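*Asks:* The structure under discussion is supplied below as structure tokens; questions concerning it will follow.
Nothing in this text is a laboratory measurement; each read-out follows from the coordinates by a stated rule. Just so we're clear, the structure is a prediction, and the values are computed from it rather than from any experiment. Every residue, glycine among them, receives a Cβ derived from its backbone with ideal geometry; neighbour counts consider all protein chains shown.
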Amino acid sequence: MDIPGVAQLFDEIDKKLVVYLRDGRTLIGILRTIDQFANLVLHRTIERIHVGNKYGDIERGVIIIRGENVVLLGEWDEERARVSGLHQISVEDILDAQREEQQQQQHQQLLRAKFMKERGLTLTPEIGPDDMY
Amino acid sequence: MDINRCKKIYGEIKVSYLYLKQKFFQLFYSFFKSLIGKDVVVELKNDLSICGTLHSVDQYLNIKLTDINVTDAEKYPHMLSVKNCFVRGSVVRYVQLPADEVDTQLLQDAARREAHSQRQ
């Protein structure tokens, strides 16, 4: 984390970052403050929901993130963003798409659990409700 | 045994445990520091693999990679616009290293020494 002598996250201050959280959310904002636990304060944050190659943005403003929930954070690269091949759609559409995707995933889970049960095994997911990343 | 003496002993045990724990931490921290500038592949607990150059590491084994490349099916679209990233140590499952950069004998000896000093 951030102890004197390790300037890892200090370099990222005032930069636009993509923060990937443990619940699967992607937040894009400008990093303003950090502390020794890698808690972050993001400014002008948008939550970006990705479904397939489409995405939708929701304005979030100022956000404080507890460090333990961060998976990774990356520097937003304008060049790479432009050639990424993703295109933006409206918030309602992306939320619908996300809901559909989640339903499909739940259905898959159900089928998998049933399959295992029929063979006398139980499916214990490696990842719990906290870790949807 | 009075409270103060208990506190003193408990305090000492806690401090020495933390010191030794840190010593083991130090081993891999130093090991990773020696690999700065090399290309590594970090595999996260969600099966995402990130290939990049090791830029820096800290005592919690948080890893900063530059010039990254997501080596699995890019089903992680949020990674497409990112060139340098900071990965939290707690989400790492594996760090794949170039075999010729690692002196396994040295590492084994160092680890053995640490384990030995910890036991004492």
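*Asks:* Identify the residues of the range A:66-92 with backbone N under 13 Å of a label point that sits 7 angstrom from the Cα of residue A:53 along the Cα-to-Cβ direction, or state none.
*Replies:* A:83-88
*Asks:* Count neighbours as other Cβ atoms within 10 Å of each site's Cβ, and list the trypsin sites (Lys or Arg not before Pro) in the range A:68-133 that are DSSP loop with at most 14 such neighbours.
*Replies:* Those satisfying the criteria are A:119.
*Asks:* Averaged over B:61-71, how many beta carbons belonging to a partner chain fall within 10 Å of each residue's beta carbon?
*Replies:* Mean shielding by partner chains, rounded to a whole number: 2.
*Asks:* Separate question: Helix A:91-118: angle to the longest alpha-carbon principal axis of chain A, degrees 0 to 90, nearest 10?
*Replies:* Computed tilt is about 50 degrees.
*Asks:* Which entries of A:16/B:64; A:15/B:38; A:54/B:75 have Cα-Cα distances beyond 18 Å here?
*Replies:* Distance filter (> 18 Å) returns A:15/B:38.
*Asks:* First select every other residue whose beta carbon is under 13 angstrom from the beta carbon of residue A:42; then total the charges, Lys and Arg +1, Asp and Glu -1.
*Replies:* +4
*Asks:* Give, as ranges by residue number, the residues of the range B:77-118 whose backbone N falls under 11 Å from the point 7 Å along Cα→Cβ of residue A:79.
*Replies:* Counting backbone N atoms under 11 Å from the label point, the list is B:83.
*Asks:* Which whole-number value in Å³ per residue fits the convex hull of the alpha carbons of chain A?
*Replies:* Dividing the Cα hull volume of chain A by its residue count gives 129 Å³.
*Asks:* Could you tell me whether the range B:63-120 comes out rounded, prolate or oblate from its Cα gyration tensor? Rule is a ≥ b ≥ c as square roots of the eigenvalues, rounded for a/c under 1.5, then prolate if a/b exceeds b/c, otherwise oblate.
*Replies:* prolate
*Asks:* Further question on the same structure: When a/c reaches 1.5 or more, the comparison of a/b and b/c decides; with that in mind, is the range A:41-107 rounded, prolate or oblate per its Cα gyration tensor?
*Replies:* oblate
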